[in-house]
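Scroll down for the structure; my scribbles are underneath it.
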Amino acid sequence: MTNLLLNIDAGTIDWSRAQFALTAIYHWFFVPLTLGLAVIMGIMETLYYRTEDEFWRDTAKFWQKLFGINFAMGVATGIILEFEFGTNWSNYSWFVGDIFGAPLAIEGIVAFFMESTFVAVMFFGWNKVSREFHLASTWLTGLGATISAWWILVANAWMQYPVGCEFNPDTMRNEMVSFAEVALSPFAVSKFCHTVTSAWVIGGIFTVGVSCWYLMKRRHTKMALESLKIGAAVGLVAALLTAVTGHKSAQDVAAVQPMKLAAMEALQDGGNGVGLKLVEGIEVPYALSFMATNDFNGYVPGINDLLNGYKRPDGTVELSVDEKIERGRKAIEALAEYRQGKADGVSETALIVPRDTLSAYMKYFGYGYIKDKAQVVPPIAVNFWAFRIMVGVGCLLIAYFALLLVLTFKVPFLSDFTRRLLAALRILPKTAAGGNDVTNLPTWHYWLAIILIPLAYIGSECGWLVAEFGRQPWTIQDMLPTWVAVSDLHASSVMLTFFIFLVLFTTMLAVEIRILLKQIKKGPDCE
């Protein structure tokens with residue numbers, strides 16, 4: 001770890017990052033729909049269990065088919081994603097494999113087998129097991145997928161905020177000292193809640209979009225109307241929860257990844273009572289301070305503050321990046337001296353000084369590989385715009401789900417005049433004066449719902465761009481830069497597999513979309 005391939009080909013680093021990003025982006029096309037549809041189909045089968053109405057059974061089976069198509073694709077990309085830690089990021093896997101591997105192992109052994117077992121009962125157990133057991137299997141399938149997401153997000157959160165570990169200079173590895181700190185990290189809890197609720201939003205808008213297509217085509221209108229109600233209700237609740245959990249995530253980022261927050265806002269110089277930029281030149285006064293600290297006059301450091309060092313409101317001093325680099329290099333030198341002393345068989349007494357120096361400066365170990373302080377600034381443009389797209393899409397979905405619920409249910413507070421006005425604006429149908437008729441809405445409503453499906457995915461992917469680009473250049477925050485974590489591979493090998501995966505994943509996505517569209521066009525087996 002003392003030289004750690006600092007002269008590795010830059011092309012290998014870039015292509016390894018590109019390949020992992022490609023796999024993660026494609027994998028995330030499938031995951032949120034799996035988590036979202038799990039809730040939708042669980043609610044529908046619960047209604048079948050409570051009412052014994054065959055309509056709800058047929059409706060649940062229809063959405064379960066769409067869930068199954070998507071589920072299979074998600075598993076395939078997820079397996080490849082985990083393999084890449086060993087193939088392209090072997091130094092990372094060696095350095096922190098004891099910690100990072102634990103949640104992934106639990107995810108594979110417990111959660112994956114749980115959902116794999118109950119998904120079989122859900123699909124093939126109709127009329128073969130009791131209604132109670134089948135209902136439980138449906139919910140347990142969704143729960144297994146959610147638990148799977150929990151452990152994966154625990155692993156990712158640890159990379160953003162490494163806790164519960166100590167570096168062992170004898171094994172050259174970070175070793176877990178507290179599983180509870182890793183598994184129950186506040187950063188992990190916030191990330192899980194925000195990610196899963198955002199996935200429910202995807203499930204809600206997908207259900208609404210498919211239902212609106214049926215309403216536009218005047219097919220399966222009863223199923224479409226009831227599914228739309230459930231999708232809009234789940235979507236609205238989930239979107240509001242996503243906003244709340246997003247606020248908590250922002251506070252966590254402000255506390256442990258302030259450079260990420262500064263990049264998200266393109267904030268060069270911080271201060272108290274900082275506004276939140278909508279776009280360059282337009283901002284909401286004091287909003288960023290509130291988002292980061294829950295105090296409208298709270299202090300938020302900017303990029304220059306973080307690079308050059310600053311004094312926090314509590315009086316403590318944040319070191320400049322140059323000072324952190326100096327301390328990091330001292331840690332690396334102390335580690336080299338300790339390792340050499342061990343190899344030469346010197347006494348334990350002689351190793352006290354390098355061991356103590358390493359312990360004192362280990363917090364800055366990763367900075368020892370930084371050559372220029374500008375390297376610790378994430379890509380500002382990507383973070384700035386990805387964050388705004390994510391938030392903008394979220395606000396649009398909240399407004400749309402709320403509008404749909406108003407249009408779907410008879411809302412007593414809408415006066416006749418308001419209904420006529422909304423009808424004149426082509427927001428409600430012309431027959432709306434006597435009540436709401438969502439099966440006869442202006443066509444633009446249905447097209448908007450369909451268009452919002454890919455838009456919601458764009459917003460979701462932008463959230464991951466912020467999470468991952470925002471922590472650059474770190475593979476593990478403050479501990480391991482990306483160029484130290486990669487495997488010693490030739491760039492051409494990684495480039496070749498990048499394009500193989502690009503073709504493979506694109507084909508898989510195209511196949512899934514084709515099968516989904518074919519199944520949607522076919523519709524439920526019975527009305």
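The values are calculated or read from the model by the stated rules, or taken from the named source; none is laboratory data. These figures come from a predicted structure and were not determined experimentally. Note that we place each Cβ from the backbone using ideal geometry, even for glycine, and neighbour counts take in every protein chain shown. SASA here: full protein model, heavy atoms, side chains in, ligands and nucleic acids out. Shrake-Rupley method; radii C 1.70, N 1.55, O 1.52, S 1.80 Å.
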ask   = So which residues in the stretch 120-148 are of a type in the set (S, T, N, Q) and closer than 30 Å to Val189 by Cβ, if there are any at all?
value = Ser137, Thr138, Thr141, Thr146, Ser148
For Ala224: the one exception among (1) open to solvent by less than 30 Å² (accessible area, probe 1.4 Å); (2) more than 25 Å from Lys518 (Cβ to Cβ); (3) of a type in the set (A, V, I, L, M, F, W, C) = (2)
task = Inspect the stretch 87-103 for any residue being open to solvent by less than 20 Å² (accessible area, probe 1.4 Å), under 30 Å from Tyr338 (Cα atoms), not aromatic (Phe, Trp, Tyr) and not in a helix (DSSP H, G or I) and give the result as yes or no.
result = yes
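For the stretch 344-353, name all the residues that are assigned to a helix (DSSP H, G or I) and among the hydrophobic types (A, V, I, L, M, F, W, C). I'd like the intermediate steps shown before the answer.
Of the residues in the stretch 344-353, the ones assigned to a helix (DSSP H, G or I) are 344, 349-353.
Answer for the stretch 344-353, where residues must be assigned to a helix (DSSP H, G or I) and among the hydrophobic types (A, V, I, L, M, F, W, C): Ala350, Leu351, Ile352, Val353.
Taking the stretch 30-64 as the region of interest, how many residues are open to solvent by 10 Å² or more (accessible area, probe 1.4 Å), of a type in the set (A, V, I, L, M) and either closer than 30 Å to Trp464 by Cβ or part of a loop (DSSP other than H, G, I, E, B) (or both)?
Let us first name the residues in the stretch 30-64 that are open to solvent by 10 Å² or more (accessible area, probe 1.4 Å), namely 31, 34, 39, 43, 46-58, 61.
Now restrict to residues that are of a type in the set (A, V, I, L, M): 31, 39, 43, 47.
Still in the list and also either closer than 30 Å to Trp464 by Cβ or part of a loop (DSSP other than H, G, I, E, B) (or both): 31, 39, 43.
Within the stretch 30-64, residues that are open to solvent by 10 Å² or more (accessible area, probe 1.4 Å), of a type in the set (A, V, I, L, M) and either closer than 30 Å to Trp464 by Cβ or part of a loop (DSSP other than H, G, I, E, B) (or both) number 3.
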request  = Name the residue, out of Val317, Val346, that is under 30 Å from Asn304 (Cα atoms), among the aliphatic types (A, V, I, L, M) and free of Cβ contacts under 8 Å to residues at least 24 places away in the same chain.
outcome  = Val317
task = Would you please name the residue that is nearest to the chain's Cα centre (by Cα), looking only at residues in the stretch 220-267 that are over 28 Å from Ala292 (Cβ atoms) and of a type in the set (Val, Ile, Thr)?
result = Val234
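Any idea which residue in the stretch 107-132 is least open to solvent (accessible area, probe 1.4 Å), counting only those that are at pLDDT 85 or above, of a type outside the set (Asp, Glu) and assigned to a helix (DSSP H, G or I)?
So in the stretch 107-132, the residues at pLDDT 85 or above come out as 118-132.
When the remaining residues are screened for being of a type outside the set (Asp, Glu), the result is 118-131.
If we keep only those that are assigned to a helix (DSSP H, G or I) too, we end up with 118-124, 131.
On the way: Phe118: 46, Val119: 17, Ala120: 43, Val121: 34, Met122: 0, Phe123: 68, Phe124: 147, Arg131: 79 Å².
Only one residue tops the list, namely Met122.
One line per residue, one yes/no per condition, for (1) farther than 18 Å from Asn168 by Cβ; (2) open to solvent by 80 Å² or more (accessible area, probe 1.4 Å):
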{"residue": "Thr316", "(1), (2)": "yes, no"}
{"residue": "Leu319", "(1), (2)": "yes, no"}
{"residue": "Gly341", "(1), (2)": "no, no"}
{"residue": "Glu348", "(1), (2)": "no, yes"}
{"residue": "Asp356", "(1), (2)": "no, yes"}
{"residue": "Lys363", "(1), (2)": "no, yes"}
{"residue": "Ile370", "(1), (2)": "yes, no"}
{"residue": "Val376", "(1), (2)": "yes, no"}
request  = Please specify each residue of the stretch 392-410 satisfying the condition of being at pLDDT 85 or above and aromatic (Phe, Trp, Tyr).
outcome  = Tyr400, Phe401
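Scan Leu225, Leu236, Leu240 and give me the residue that is farther than 22 Å from Phe71 by Cα, in a helix (DSSP H, G or I) and touching a Gly at 6+ places or on another chain (Cβ under 9 Å).
Numbers: Leu225 fails: touching a Gly at 6+ places or on another chain (Cβ under 9 Å); Leu240 fails: touching a Gly at 6+ places or on another chain (Cβ under 9 Å).
That would be Leu236, the only listed residue that is farther than 22 Å from Phe71 by Cα, in a helix (DSSP H, G or I) and touching a Gly at 6+ places or on another chain (Cβ under 9 Å).
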request  = Answer yes or no as to whether Ala255 is free of Cβ contacts under 8 Å to residues at least 60 places away in the same chain, surrounded by fewer than 16 Cβ atoms within 10 Å (Cβ to Cβ) and either in contact with a Lys or Arg (Cβ under 6 Å, 6 or more places away or on another chain) or at negative phi (or both).
outcome  = yes
task = Looking only at the stretch 157-174, decide whether some residue is among the basic types (Lys, Arg), open to solvent by 30 Å² or more (accessible area, probe 1.4 Å) and either touching a Cys at 6+ places or on another chain (Cβ under 6 Å) or free of Cβ contacts under 8 Å to residues at least 24 places away in the same chain (or both).
result = no
message = One residue is enough: does the stretch 411-422 have a residue meeting the conditions at pLDDT below 85, out of contact with any strand residue (DSSP E or B) (no Cβ under 6 Å at 6 or more places or on another chain), open to solvent by less than 30 Å² (accessible area, probe 1.4 Å) and not in a helix (DSSP H, G or I)?
response = yes
ask   = In the stretch 65-79, is there at least one residue being open to solvent by less than 10 Å² (accessible area, probe 1.4 Å), assigned to a helix (DSSP H, G or I), within 20 Å of Phe29 (Cα to Cα) and among the β-branched types (Val, Ile, Thr)?
value = yes
inquiry  = When the residues of the stretch 293-313 are narrowed to those that are of a type in the set (Ser, Thr, Tyr) and farther than 16 Å from Val377 by Cβ, which ends up modelled with the highest pLDDT?
reply    = Tyr299
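I'd like to know if the stretch 133-142 contains one or more residues that are within 16 Å of the chain's Cα centre (by Cα) and open to solvent by less than 40 Å² (accessible area, probe 1.4 Å).
Applying the first criterion (within 16 Å of the chain's Cα centre (by Cα)) to the stretch 133-142 yields none.
Looking for residues that are within 16 Å of the chain's Cα centre (by Cα) and open to solvent by less than 40 Å² (accessible area, probe 1.4 Å), one finds none in the stretch 133-142, hence no.
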query = Would the stretch 201-213 turn up any residue that is touching a Lys or Arg at 6+ places or on another chain (Cβ under 9 Å) and among the hydrophobic types (A, V, I, L, M, F, W, C)?
reply = yes
